[in-house]
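Accompanying notes for the structure given below.
The values are calculated or read from the model by the stated rules, or taken from the named source; none is laboratory data. Keep in mind it's a predicted model, so treat the numbers as computed, not measured. Glycine also receives a Cβ, built like all others from the backbone with ideal geometry; neighbour counts cover every protein chain displayed.
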Amino acid sequence: MKRKAQIHIDPHPIVSTENQDKKPKRQEFDEKLHARNALRDRPDFKELGTKYPEFGKFLSEKASGKLQLDWTNGEAVREYNITLLKHYYNITLTLPSDQLCPPVANRANYIHWIEDLIQIDPASRAGRGSVRGIDIGTGASCIYPLLGCKINHPNWSFLAVDNDAQSLYIAEQNLNLNRQWLSDQNQSSLIQLRHVTDGTTLDYLGQETYDFLMTNPPFFSDLEETQLNERVDATAKATEVVTQGGEVEFVGKIVENSMRTKGQVTWYTAMIGRKIDLTVLERKLRQCGVPHVKTSELSQGKTTRWAIAWSFTVPPPVRIVRPRRNFQIQHKILNSEVHQKIQNHLASHNILTRTDEEGRIAGQIELEAVITDFIITITQSREDQTLVAFYFSPEGNGTAFIDELESLFPKPPSRKERRAEARARENK
Ligand SMILES: C[S@@+](CC[C@H](N)C(=O)[O-])C[C@H]1O[C@@H](n2cnc3c(N)ncnc32)[C@H](O)[C@@H]1O
C-alpha cells in the first residue's frame, strides 16, 4: 500500500523529538538560510507560544522541559508558519486547511536571492528604488508578493497570476487583511492579482517591463507521483502540486516563451524541487543560447530546493586573465559590449588604441616610465563567461593598469570558490 504524501512537510526543524540528549547541541541559528533571512536566529517556541495562543496550543513539553511541535501534524505546521509571518513580518494570513501552507523561511530565502540578483545589473530599476516583479502561480497565500513587498516596502510591487480562481479568491482576502500597509501613496495596492489560463505563456506581459519573474511551480507530473490519493489528510490541493509534465515542462515553457519576451523581464527565475530537474533546465537554457544563467540552493533545515535564473540583458561575468609571456594568441571578439566598455575606458584616459586585423584591441601605454605595446583579447570562453586577456610587450609590469580595468567589471568567483561550488554540487 502506498503511503500518503505529506506535502506540507517542508519544516524548519527547530526541535527533534527523539534522542535529543545524544545529538550534538544545535546551533542557535540556521546557517543554511540566507544571511538576511529574519528566521536565521531560530524562533523561540516559548515566546511564540505565549504571545500567540493559537500556536501555543500545538506545543507540548518534553521530559527535558523543552517545548516541541509535532511536525507530522499539518494543522500545527500551518499555524506555525502563520505565526512566523505575523511575528517576524507583521503579515496577516488565513488559509483553508486544504490549501498549501508555505514554509516561510524557504519563501523568504527565494525573495532574498532575487534581491541579490537584481543588484547585479547596475542598470536595473533597483538603483532607482522601484522594482516590479511577476509571481506565476501565486497561490491562495500570495506569499511571495506579500513577503517581497513587506521586506522591501515600499519599493517593490507585483503582478501575481494564477490559473486557479478559488486560490485567487482567497489571495484577495489575504491582501485585504494587509491592505493598510499594502496601499501606495495613490491608495492602489502594491500587488495586483490576475487570473490567467496559463501563466507560462507570458502573453499577459503586454508591453510592460519587469525586473524579475518568479515561480514556484507544481513539482509533480501526476497524482501517483505525489502519492496524493485523497485530500483528507493532505494539506495541499492537487492543482497546487501537480502539473502536466511536472516542473520541467512548466519552467521549460517559460524558458521557451522568454525567448520571445527576452528583455521585457531582466531576470527570469524559478524554484525547483528536484536537483535532476535543475540540470535538465540548465541544459535547456544553454541549448537556447541564453547568455547568462545562474543557479543557487535554497536550503531550510533538512529541506533543499534549487533556484535557477536567466537573463538576456544582464551581461555575463567577466574574468580577467593575467598577461602571458607574449601576445601571439589569436581570438575572435564575441562580446562587443565588453569590447566597447574597455575601449571607452582607455579613450577616457587618452590611451589611443586601434582594432588590429584579428579584431583585437592594440595600443601603447606608459608603464613605469616605459612605453609598452599591449594587446587585449576578449573571448567568450563559455556561454556564461567572457575572458579578457592582456598581453604586454616586452615584459611591462601592468599590474596597476590591469587592476584598474578589472574594477570595471563585477568580480567573478575565485578558483577556490568555484571549486567549493563544484564540490558542493558533487556531494549532493
Ligand atoms: C506549488 S503552488 C505555489 C503557491 C505559492 N506560490 C507558494 O510558493 O507557496 C503552485 C501554484 O501554481 C498555480 N498554477 C498551476 N499551474 C498554473 C499555470 N499553468 N498558470 C498559472 N498558475 C498555475 C497553482 O494553482 C498553484 O497556486
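Summary of computed values
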| read-out | value |
| --- | --- |
| Complete set of residues in segment 83-108 that are more than 13 Å from the ligand (Cβ to nearest atom) and not in a loop (DSSP other than H, G, I, E, B) | Thr83, Leu84, Lys86, His87, Tyr88, Tyr89 |
| Counted residues, segment 301-347 - those being of a type in the set (Val, Ile, Thr), over 22 Å from Arg260 (Cα atoms) and modelled with pLDDT of 65 or more | 4 |
| Segment 261-278, residues that are within 26 Å of Thr386 (Cβ to Cβ) and either within 16 Å of the ligand (Cβ to nearest atom) or surrounded by 15 or more Cβ atoms within 10 Å (Cβ to Cβ) (or both) | Thr261, Gln264, Val265, Thr266, Trp267, Tyr268, Thr269, Ala270, Leu278 |
| Of all residues in segment 169-186 being assigned to a loop (DSSP other than H, G, I, E, B) and within 26 Å of the chain's Cα centre (by Cα), the one that is modelled with the highest pLDDT | Asn178 |
| Segment 109-119: number of residues that are more than 12 Å from the ligand (Cβ to nearest atom) and without any contact (Cβ under 8 Å) to a residue 60 or more places away in the chain | 2 |
| Qualifying position, being surrounded by fewer than 16 Cβ atoms within 10 Å (Cβ to Cβ), charged (D, E, K, R) and part of a helix (DSSP H, G or I), among Glu240, Glu256 | Glu256 |
| Number of positions in segment 48-82 that are more than 24 Å from Asn178 (Cα to Cα) and in a helix (DSSP H, G or I) | 1 |
| Residue within segment 146-161 that is of a type in the set (Gly, Ala, Ser), touching a helix residue (DSSP H, G or I) at 6+ places or on another chain (Cβ under 6 Å), within 9 Å of the ligand (Cβ to nearest atom) and touching a residue at least 40 places away in the same chain (Cβ under 8 Å) present | no |
| Single match in Asn106, Asn90 (criterion: touching a residue at least 40 places away in the same chain (Cβ under 8 Å) and under 21 Å from the mean Cα position of the chain (by Cα)) | Asn106 |
| Sole exception among (1) outside any helix (DSSP H, G or I); (2) near the ligand (Cβ under 10 Å from one of its atoms); (3) surrounded by fewer than 21 Cβ atoms within 10 Å (Cβ to Cβ); (4) of a type outside the set (A, V, I, L, M) for Gln166, by number | (1) |
| Arg194 more than 8 Å from the ligand (Cβ to nearest atom), in the same structural domain as Thr304 (by TED's automatic domain parsing) and at pLDDT below 75 | no |
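Residues checked against (1) buried (at least 18 other Cβ atoms within 10 Å of the Cβ); (2) at pLDDT 90 or above:
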residue: Leu39; (1), (2): yes, yes
residue: Leu69; (1), (2): yes, yes
residue: Glu75; (1), (2): no, yes
residue: His87; (1), (2): yes, yes
residue: Thr94; (1), (2): no, yes
residue: Gln99; (1), (2): yes, no
